[in-house]
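Visitor: Handing you this structure, nothing more for now.
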Amino acid sequence: MSLLRRRRRGGQDHEPGKPADPEEEEEEKKKPEQRRAEKKKWSCLDNCCWFIGCVCVAWWMLLFLYNLMPSSFPQYVTEAITGPPPDPPGLKLRKEGLAAKHPVVFVPGIVTAGLELWEGHQCAQGLFRKRLWGGTFGSVYKRPLCWEEHMSLDNETGLDPPGVRVRPVTGLVAADYFAPGYFVWAVLIENLAQIGYEEKTMYMASYDWRLSFQNTEVRDQSLSRIKSNIELMVSTNGGNKAVIIPHSMGVLYFLHFMKWVEAPAPMGGGGGTDWCAKHIKAVMNIGGPLLGVPKAVSGLFSAEAKDIAVARAIAPGVLDQDLFRIQTLQHLMKMTRTWDSTMSMIPKGGDTIWGDLDSSPEDDYLPSKRRLNATEEAIDVSSETKRKRKHYGRIISFGKDIAEADSSQINRVNFRGAVKGRNMANDTCIDVWTEYQEMGFGGIKAVAEYKAYTAGDLVDLLSFVAPKMMARGSAHFSYGIADDLDDPKYLHYKYWSNPLETRLPNAPDMEIFAMYGVGIPTERAYIYMEAPWAECHIPFRIDTSASEEEEEEEEEDMCLKDGVLSVDGDETVPVLSAGFMSAKGWRGTTRFNPSGMKNFVREYEHAPPANFLEGRGTQSGAHVDIMGNFALIEDIMRVAAGATGDQLGGDRVYSDIFEWSQKIKLKL
Amino acid sequence: MAAILRFRKLCFLEPSSQSSCNEHKKQRAKRDERKMRENCDAGEDGLRRKGVKEWRCIDSCCWVIGLMCTAWWLLLFLHHCMPASLPGAEPPGVRLRRQGVVALHPVVLVPGIVTGGLELWEGRPCSDGLFRQRLWAGSFAEIFKRPMCWLEHLSLDNETGLDPAGIRVRASSGLVAADYFAPGYFVWANLIENLARIGYEEKNMHMAAYDWRLSFQNTEVRDQTLSRLKSKIELMYVSNGYKKVVVVPHSMGANYFLHFMKWVESAGGGGRGWCAKHIKSIMNIGPVFLGVPKAVSSILSAESKDVAFLRAMAPGLLDSEIFRLQALEHVMRVSRTWDSLVSLLPKGGEAVWGNLDWSPEEDHVCDWGTRKYQQQSKTKGNETDGRHSFQVQEPTKFGRIVSFGKTGSSPDAISSKSNASCGKVKTEYDEVSQETIQKIFEERVYTADTLLDLLRSVAPKMMKRAEAHFSHGIAENLSDPKYNHYKYWSNPLETELPEAPDMEIYSLYGVGIPTERSYVYKLSPPGKCRSIPLQIDSSADGSHNGCLKGGVYFVDGDESVPVLSAGFMCAKGWKGKTRFNPSGSATYIREYKHIAPANLLHGRGLESGAHVDIMGNVALIKDVLRVAAGASGVELGGDRIYSDIMKISEKIKIHL
């Protein structure tokens, strides 16, 4: 602005300024020497220096001012705009007189915990004990291929490749912040500290989330360390049992741990059949994908998720360009397919849980339904009749028409046993090898011909497109439903993380909480298409053009958008997966829960932050942001300070989880 | 901000126009003038000229800063372009790995005093925003930002030696607790990195971090640190295929681990034989088994060699009352709440440290130049020469750990002291009466025995608190049931080693650096705000064999710990089967001669013998790695001695 002003004035000056010229000339004559000297001084380089100096000074000034600012200033501004914030739960509960009682164990989920380098190839020099995952991700930009090489595991064993050791960070720092400023556990930790928790009563059970669960014990003895730490904390805290707080995949990991610790020594931890009863007061699962997540399927199938599909819809071509041979997705796929843990989250329970071609438990889901209240049920029903039924059971369907067609109209050609062509001997793609290159045209055709895949077909599909990965994974994970839990085969560790194929430990006093956010559209099924052929491409991709066209539906009512069918959930885990076990599978004394331990469902309705200043919000229900949800933190703290589930108020449900659970016919 | 932006635009426009059009000088000049006029409230010539000058000044400032920044970035860029490691010395881990040395025994690192990080878990309002940030170690940024707040949080309660109400400061945990003390200043990092090269990682390497401000038993009472260490060692033992652990304590960590071994077999519930079952060897680096004289001076007057030296260099700076800094008083007030300091006081009394006329190191030759020469050439002729030269001289009386010199103000002079105006920084000296100080002064000389009385009179609260946790004597009869009390556990002269005949004890320390051994004190010159009445007499110099310098007598050692304290137990006290070592655990002494880094590029040196820098000593790292990979002391080559430790030990007559 000032620039403009000056220009204008300069212009004005020019015309009446003529008489002033001689004056100036005079002055110039007076000291020509000086001026010439100055002219010489200001070369281009000088100008650059000068400019940089200016920028630096200005930057320092700002930094200085920023540092001078009292640390409470941003908070003050926020308060001025949004009114006084609620007391953080830690402070509030402290005033109520709550104090630390039970030791607390955090079990982080996939992706959120840090990994650091202990031994690497030449290219990773100087990164010893620096974070490769989490933190600033600085090395990703500096040496991306080196980074990818170190983050990958061995394709055969699922363990370290030779010469590379990447290990989980230990201690609370492992997962307090994922990246600077992006909290995961930090808010919870801080609030717990306010009622007296510290490192002797708080333990972050970090593990290498890339490995299969049993391999974390084989390679790092992670399970033994958790066992020893829990025992230590219980004994040094006067025998108060531990409260376990797993998040996301940590829920499955801890399920595995509970079976492991009670199993006899060579395969298990040898803790005896009452270890859990003796050491655990409550397991408070946050957003647990107990029955898997459909997102894992798209991740494994085409290294995509909703976000990537949206990016592709917005800027088609960027991701797929062969320019620069970036091939980001292929690299990503190559890397993630070496991670066994991703396979722990493939939907479990098959068609019984996730629905078949025609029906699924969430069929009647309508995003706006919950917002209209029970009083308006009539409208609800009428609107429902208008809508086409969504076939959520078809987790992958090729083409929108297939997704919406009646099951009788789908003509499926079985892909199992189809001959895979071996034609891609093109060496241009050698460096980004994915298993798709071994499939050939025939294989790809066969996959597309099957048209619609339900949860039961998925495992077969994945074994078809990624046989090596699934061979590795099926030794560690299982996705079925047990007919007879007494079958001795269920003693094998591969069943331990599947809640439908294991029993909970014998601990009648233990409590299990399912805590998760609701009210965010969550990926449930995908519409795929064959990618336009290119040799170095992943042959399938989400069909982003598939969206609901019905005009009478409001935007927020659209379940199908950009090729993704969504239901209620916390943005990552559908309600069904997070809630079903606690709502029905484990409720009361069932065959999965023989000792009848109490189960509680605690849902947290998502309320997005009111404005930018609130950051990620204190009432969020999103998968990771929920860790900053005050209501959830308060619940956890109350339990940690000794409350039981009933004292918390029992179930707290906003979604239709109980109705949906009723629809699932599972022998209990 | 808007103002700054406008300023920047102004700045930018002007010179660029100057440079861009060289051809139309005249025109440009006009334009310049116009701009000047705008900038400086156009009008009078004088004002204009002034404006011109001002602009030039700011411009050149910017220019200089810009130049500096650019140069800096350029250097930084070059630095980044440089290969990560300078070609040359291969790290010992790589060499050993090539020789087939691989990780075998789990390793436990026990940090010493001061080097471990402390972080805040709960604090007063002034510490807002520091939750889980480091108060100690790391960048120390808070000292500058809010010094008083920082001091308040680092202090412990004066009565209990535990947390003050409303403050919880806890030790950091994990390897990060003590890998670097400050950015770039390694403590354990080098050792950790080399261990990693032969296959160690966090499952078989553990940093036994503890709150080093507390007395050893209190770390268990408050944080259950000893229990955690026990559980950790047991876990590592089991999960690494029943391989015993190698413990590597540093500095005070050696005493801490002594305490742990006694604790684990009694109160810790491990039972007799726990150590024999779980510990392969203990590799004490620069251990302070018998205490350090440095601890005395820091309790007495919050000083040490460095402070005394500083005072000699710039007299008046530290004592100045301007700004009412009173840095030493603050340091004293805080450090006197730390019980652990008392664990470092000289142990064993006159029998070990010498009396008024005798000390074990009395024939020590302090001519450091000659000494180095002797060590390098190692010819017999030179050695006899050295001995000859010593015989002429009178032995130095190191036994007088604190003596009041000839100089210094008379006690009457300080009687006018009034601290009414300086009530802010209260040290315990405020409660010590004038007569006591006078008495202290008149006593003149203190040996290791009488020293404790001296400290009791000047720091009554601290000694009362801490003497419930530490003892400094020599046991007459170790089977006396009183020695079951934990206060004796960290004193090697009042406890038996655990029954573990296969366990090995190493003492690894640097030699060849002058190390504080005793002090010449004087009464402080009177001052309004000075409440420490004693200070090191930095004017005392030279007379005794060159051992006295700046009020401090020096002997051989690693800059902090005299050879006597680090080596005696392994050289004599525990050697063979003695009453302190009933099962006859093997002991080894490995000394590392200090060789200062040749140039700046070597940083803190690969052959340093200094107390902390020795952790980067290649020979020491090699020894630790070999033992961790399964070697025994004999395979390492047994004792390796450069100093007179054997002779010194011979002179100490204690019942073994």
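The values are calculated or read from the model by the stated rules, or taken from the named source; none is laboratory data. Predicted model, so just to flag it, every value in this text is computed and none were measured. Cβ: placed from backbone, ideal geometry, glycine included. Neighbour counts: every protein chain shown.
Visitor: What's the total number of residues in region B:620-656 that are farther than 30 Å from residue B:579 by Cβ, buried (at least 18 other Cβ atoms within 10 Å of the Cβ) and in contact with a Pro (Cβ under 8 Å, 6 or more places away or on another chain)?
Guide: Of region B:620-656, the ones farther than 30 Å from residue B:579 by Cβ are B:620-622, B:625-626, B:628-630.
With buried (at least 18 other Cβ atoms within 10 Å of the Cβ) added as a condition, the list becomes B:620-621, B:625-626, B:628-629.
Next, only the ones that are in contact with a Pro (Cβ under 8 Å, 6 or more places away or on another chain) stay: B:621, B:625.
Residues that pass the stated criteria total 2.
Visitor: How many residues are part of a loop (DSSP other than H, G, I, E, B), away from chain B (no Cβ under 12 Å) and surrounded by 20 or more Cβ atoms within 10 Å (Cβ to Cβ) when one looks only at region A:181-202?
Guide: Total satisfying the criteria: 1.
Visitor: Identify, by number, the condition in (1) part of a loop (DSSP other than H, G, I, E, B); (2) within 26 Å of the chain's Cα centre (by Cα); (3) not basic (Lys, Arg) that residue B:258 doesn't meet.
Guide: (1)
Visitor: What helices (runs of 4 or more DSSP H) completely inside region A:209-268 contain at least 1 residues that are away from chain B (no Cβ under 13 Å) and within 25 Å of residue A:160 (Cα to Cα)?
Guide: Qualifying helices (runs of 4 or more DSSP H): A:213-220, A:249-262.
Visitor: Something else about it: Looking at residue B:596, is it part of a loop (DSSP other than H, G, I, E, B) and surrounded by 18 or more Cβ atoms within 10 Å (Cβ to Cβ)?
Guide: Criteria not met by residue B:596.
Visitor: Could you tell me whether region B:170-187 includes any residue that is in contact (Cβ under 8 Å) with a residue 60 or more places away in the chain, more than 17 Å from residue B:246 (Cβ to Cβ), among the β-branched types (Val, Ile, Thr) and in contact with a His (Cβ under 9 Å, 6 or more places away or on another chain)?
Guide: Yes - at least one qualifying residue is present in region B:170-187.
Visitor: How many of the residues making up region B:188-205 are facing chain A (nearest Cβ under 8 Å) and outside any loop (DSSP other than H, G, I, E, B)?
Guide: Residues meeting the conditions: 4.
Visitor: Among the residues of region B:156-171, how many are among the small types (Gly, Ala, Ser) and under 12 Å from residue B:339 (Cβ atoms)?
Guide: 1
Visitor: Out of (1) crowded, with 23+ Cβ neighbours inside 10 Å; (2) of a type outside the set (A, V, I, L, M, F, W, C); (3) outside any loop (DSSP other than H, G, I, E, B), what's the single condition that is false for residue B:232?
Guide: (1)
Visitor: In region B:265-380, which helices (runs of 4 or more DSSP H) lie fully inside it and hold 2 or more residues that are modelled with pLDDT under 90?
Guide: Qualifying helices (runs of 4 or more DSSP H): B:293-301, B:305-313, B:327-335, B:349-353, B:368-377.
Visitor: Also, quick follow-up: Residue B:111 fails exactly one of the following numbered conditions: (1) within 13 Å of chain A (Cβ to nearest Cβ); (2) closer than 30 Å to residue B:237 by Cβ; (3) not aliphatic (A, V, I, L, M). What is the number of that condition?
Guide: Unmet for residue B:111, out of (1) within 13 Å of chain A (Cβ to nearest Cβ); (2) closer than 30 Å to residue B:237 by Cβ; (3) not aliphatic (A, V, I, L, M): (1).
Visitor: Of all the residues that make up region B:235-255, how many are among the aliphatic types (A, V, I, L, M) and either free of Cβ contacts under 8 Å to residues at least 12 places away in the same chain or not in a helix (DSSP H, G or I) (or both)?
Guide: Residues that pass the stated criteria total 6.
Visitor: Right, another one. Can you name every residue in region A:251-303 that is buried (at least 24 other Cβ atoms within 10 Å of the Cβ), closer than 19 Å to residue A:592 by Cα and hydroxyl-bearing (Ser, Thr, Tyr)?
Guide: The one that is buried (at least 24 other Cβ atoms within 10 Å of the Cβ), closer than 19 Å to residue A:592 by Cα and hydroxyl-bearing (Ser, Thr, Tyr): A:253.
Visitor: Suppose we keep only residues that are farther than 22 Å from residue A:111 by Cβ and under 23 Å from the mean Cα position of the chain (by Cα) within region A:611-633. Which one would you say is surrounded by the fewest Cβ atoms within 10 Å (Cβ to Cβ)? I'd like the intermediate steps shown before the answer.
Guide: Going through region A:611-633, the residues farther than 22 Å from residue A:111 by Cβ turn out to be A:611-614, A:618-619, A:630-631.
Adding the requirement that they be under 23 Å from the mean Cα position of the chain (by Cα) leaves A:612, A:614, A:618-619, A:630-631.
Values: A:612: 8, A:614: 16, A:618: 21, A:619: 21, A:630: 21, A:631: 17.
Checked region A:611-633; the qualifying residue surrounded by the fewest Cβ atoms within 10 Å (Cβ to Cβ) is A:612.
Visitor: Within 25 Å of residue B:398 (Cβ to Cβ), in a helix (DSSP H, G or I) and of a type outside the set (A, V, I, L, M, F, W, C): does that describe residue B:609?
Guide: So residue B:609 does not fit the description; no.
Visitor: Now for a different question. Would you please name the residue that is farthest from residue B:119 (Cα to Cα), looking only at residues in region B:129-148 that are assigned to a helix (DSSP H, G or I), within 14 Å of another protein chain (Cβ to nearest Cβ) and within 23 Å of the chain's Cα centre (by Cα)?
Guide: So the residue we want is B:144.
Visitor: Quick check: is even one residue across region A:432-450 touching an Asp or Glu at 6+ places or on another chain (Cβ under 9 Å), at pLDDT 70 or above, assigned to a helix (DSSP H, G or I) and of a type in the set (Gly, Ala, Ser)?
Guide: Looking for residues that are touching an Asp or Glu at 6+ places or on another chain (Cβ under 9 Å), at pLDDT 70 or above, assigned to a helix (DSSP H, G or I) and of a type in the set (Gly, Ala, Ser), one finds at least one in region A:432-450, hence yes.
Visitor: Within the bounds of region A:271-281, is there any residue that is within 21 Å of the chain's Cα centre (by Cα), more than 23 Å from residue B:234 (Cα to Cα) and away from chain B (no Cβ under 14 Å)?
Guide: Pass one, region A:271-281, residues within 21 Å of the chain's Cα centre (by Cα): none.
No.
Visitor: Applying the selection to region B:166-187, what residues are farther than 21 Å from residue B:151 by Cα and either surrounded by fewer than 24 Cβ atoms within 10 Å (Cβ to Cβ) or within 8 Å of another protein chain (Cβ to nearest Cβ) (or both)?
Guide: Answer for region B:166-187, where residues must be farther than 21 Å from residue B:151 by Cα and either surrounded by fewer than 24 Cβ atoms within 10 Å (Cβ to Cβ) or within 8 Å of another protein chain (Cβ to nearest Cβ) (or both): B:173, B:174, B:175, B:176, B:179, B:180, B:183, B:184, B:185, B:186.
Visitor: Pairs needed: first member in region A:440-459, at positive phi; second member anywhere, among the aliphatic types (A, V, I, L, M); C-beta distance under 6 Å; at least 6 residues apart or different chains.
Guide: As it stands, the answer is A:451/A:402; A:451/A:410, since those pairs meet every condition given.
Visitor: Just give me the residues in region A:638-655 being buried (at least 23 other Cβ atoms within 10 Å of the Cβ) and closer than 15 Å to residue A:514 by Cα, in sequence order.
Guide: Hits for region A:638-655 are A:639, A:655.
Visitor: Residues that are free of Cβ contacts under 8 Å to residues at least 24 places away in the same chain, away from chain B (no Cβ under 14 Å) and crowded, with 16+ Cβ neighbours inside 10 Å: which strands (runs of 3 or more DSSP E) entirely in region A:125-180 hold 2 or more of them?
Guide: Ranges flagged: none.
Visitor: Of all residues being surrounded by 22 or more Cβ atoms within 10 Å (Cβ to Cβ) and closer than 17 Å to residue B:278 by Cα in region B:206-229, which is nearest to the other protein chains (Cβ to nearest Cβ)? Just the residue, please.
Guide: Ranking the candidates gives B:228 first.
Visitor: Being among the hydroxyl-bearing types (Ser, Thr, Tyr) and crowded, with 23+ Cβ neighbours inside 10 Å, is that true of even one residue in region A:229-245? Lay out the reasoning, then the answer.
Guide: Narrowing region A:229-245 to residues among the hydroxyl-bearing types (Ser, Thr, Tyr): A:235-236.
Narrowing further to those that are crowded, with 23+ Cβ neighbours inside 10 Å: none.
Checked against the condition, which is being among the hydroxyl-bearing types (Ser, Thr, Tyr) and crowded, with 23+ Cβ neighbours inside 10 Å, region A:229-245 yields no hits at all.
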